[in-house]
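Contents: one structure, followed by commentary.
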Amino acid sequence: MSSAHPTADAHGHDHPKHLAHHYDTLEQQFEGNKLGMWAFLLTEILFFSGLFVAYSVLRSNYPEVFEFGSKFLNTTLGATNTIVLLVSSFTAASAVRNAQLGETSKLKMNLFITLLCASAFMGIKYVEYSHKYHAGLLWGGNAHSLFNPEAPYVPHGDHATDSLVVQERIAGMEVDESRMFMRNMGRFFGVYFCLTGLHGIHVLIGMVVITWLLRRASRGEFGPDNFTAVDLGALYWHLVDLIWIFLFPLLYLIA
Amino acid sequence: MTVHAHDEHHGLGHVLPVSTLAKVLGALVALTVLTVITGKMDLYGFDLAVAMIIATTKAVLVALIFMHLKYDRGFHGFIFLGSLLFVGVFLAYTMTDTAQYQGDIRQFNQQSVAEELLNPLDDEADPGAGSPPGNEGH
């Protein structure tokens, strides 16, 4: 299309409905958008890698702390959340198929199930986080943390169980050794909350994206030549799933 | 308009059959169950390796099928692998570094703990420091 084309106002001219003016063909538009999404996913992977490297350094330096700290994470809840995310990835991939084939009602259903799974994931995460908060299983700098070096939190009643397990673990240690251990336990939970927290923020952003897709799908906007948004949204969602696939064994399954 | 021979439909991208998606989900769930089981076993020092092999297998399935990389432009896979390569470089150099200075790190940690024990709180004069503390948070 030459720039000499004077009819900026004429929207009756001959190009497919969903083709933006700065692309020649739908295929070029699709490939361009997808390339941009992959470039974004690359930055996401590098973004998370900082925390994964921090995890690796701390775990290699203090393996006994990570082994002990992992006992306070609920494997059943972690595994349930893994399955929930895998199912949501399946429904997201199915949604792309539905959009490609123009199956609007199935598309809406699959997006809705994806959203439901994401909510379930965050719900389970909330149960885990609130338990840790009440038990004082937090990073060392937190005033409510068992591992606060200046004034360790002392939980009462039912919430004291985990605290007693920690006390038992450090009972036979020298004073400086137990201090070091408690300090590193604070680091373990620091890494835990940073990694799962950053991942959780991504889940929340994904939920916003899926809600937006659901709204557009309800208006019947998606079809065989216009499914890029669903495709790219699903790619983001799969990345969130990929990160969790590594987080689950690294945090919950330390033997 | 020419139609690609293997494409289920015309147009952009590749349409995945439901059966393929379902099989991948089945494999992913099975691998999750497997990693929980092996995670509870004592694998004589290979625990982390086994867990990472299973996680990587799951990641490959998600990337190749759910994320369409198997059917996509090779360049997208190249970007993905490129990011992982640089994560590898980041990790390898950092781990080499932390291993190199292990002795210094231990020494520093011991010293700082020892100093903390000698001067419990230098910035605040708190008579209760050192003894099992009260609950200052909430």
Scanning segment B:10-32 residue by residue, those at the interface with another protein chain (Cβ under 8 Å from one of its Cβ atoms) and among the hydrophobic types (A, V, I, L, M, F, W, C) turn out to be B:L12, B:V15, B:L16, B:V18, B:L21, B:A22, B:V24, B:L25, B:L28, B:V29
key: Residue within segment B:19-27 that is of a type outside the set (S, T, Y), modelled with pLDDT of 95 or more, in contact with a Pro (Cβ under 7 Å, 6 or more places away or on another chain) and under 20 Å from A:I83 (Cβ atoms) present   = no
Any hit, segment A:44-61, residues being more than 8 Å from chain B (Cβ to nearest Cβ), of a type in the set (S, T, Y) and out of contact with any helix residue (DSSP H, G or I) (no Cβ under 6 Å at 6 or more places or on another chain): no
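Yes/no per residue for (1) facing chain A (nearest Cβ under 7 Å); (2) of a type in the set (D, E); (3) under 16 Å from B:H14 (Cβ atoms); (4) surrounded by fewer than 16 Cβ atoms within 10 Å (Cβ to Cβ):
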position: B:D42; (1), (2), (3), (4): yes, yes, no, yes
position: B:L48; (1), (2), (3), (4): no, no, no, no
position: B:T56; (1), (2), (3), (4): no, no, no, yes
position: B:H68; (1), (2), (3), (4): no, no, yes, no
position: B:G74; (1), (2), (3), (4): no, no, yes, yes
position: B:G77; (1), (2), (3), (4): no, no, yes, no
position: B:S83; (1), (2), (3), (4): yes, no, no, no
position: B:G88; (1), (2), (3), (4): no, no, no, yes
position: B:A92; (1), (2), (3), (4): no, no, no, yes
Cβ pairs under 9 Å, 6+ apart or interchain, first in segment B:74-85 and of a type in the set (S, T, Y), second part of a helix (DSSP H, G or I) and modelled with pLDDT of 95 or more, ordered by first then second residue, are B:S83/A:L41; B:S83/A:L42; B:S83/A:T43; B:S83/A:E44; B:S83/A:I45; B:S83/A:L46; B:S83/A:S49
Residues of segment A:86-126 being within 23 Å of A:L137 (Cβ to Cβ) and surrounded by 23 or more Cβ atoms within 10 Å (Cβ to Cβ), in sequence order, are A:F121
From the option list A:L247, A:L204, A:L214, single residue qualifying as within 11 Å of chain B (Cβ to nearest Cβ), in contact (Cβ under 8 Å) with a residue 12 or more places away in the chain and either buried (at least 17 other Cβ atoms within 10 Å of the Cβ) or not β-branched (V, I, T) (or both) is A:L247
Listed by range, helices (runs of 4 or more DSSP H) wholly within segment A:156-255 having at least 1 residues that are at pLDDT below 95 and within 19 Å of A:L138 (Cα to Cα) are A:161-170, A:175-218
So, first residue without any contact (Cβ under 8 Å) to a residue 24 or more places away in the chain in segment B:48-69, second residue outside any helix (DSSP H, G or I) and surrounded by 16 or more Cβ atoms within 10 Å (Cβ to Cβ), Cβ within less than 9 Å, six or more apart or across chains; the pairs are B:L48/A:I254; B:A51/A:L253; B:A51/A:I254; B:A63/B:L69
Restricted to segment A:96-149 and to residues being touching an Asp or Glu at 6+ places or on another chain (Cβ under 8 Å) and not in a helix (DSSP H, G or I), the residue modelled with the lowest pLDDT is A:P149
I'd like to check something: does segment A:50-63 contain any residue that is part of a helix (DSSP H, G or I), crowded, with 23+ Cβ neighbours inside 10 Å and not polar (S, T, N, Q)? no
Inside segment B:98-110, the number of residues satisfying the requirement of being more than 9 Å from chain A (Cβ to nearest Cβ) and assigned to a helix (DSSP H, G or I) is 5
In the set A:D176, A:D241, the lone residue that is in contact with a helix residue (DSSP H, G or I) (Cβ under 6 Å, 6 or more places away or on another chain) and over 30 Å from B:D42 (Cα atoms) is A:D176
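The values are calculated or read from the model by the stated rules, or taken from the named source; none is laboratory data. If you're wondering where the values come from, they're calculated on a predicted model, not measured in any experiment. So basically every Cβ, Gly included, is an ideal-geometry build from the backbone, and we count neighbours across all protein chains shown.
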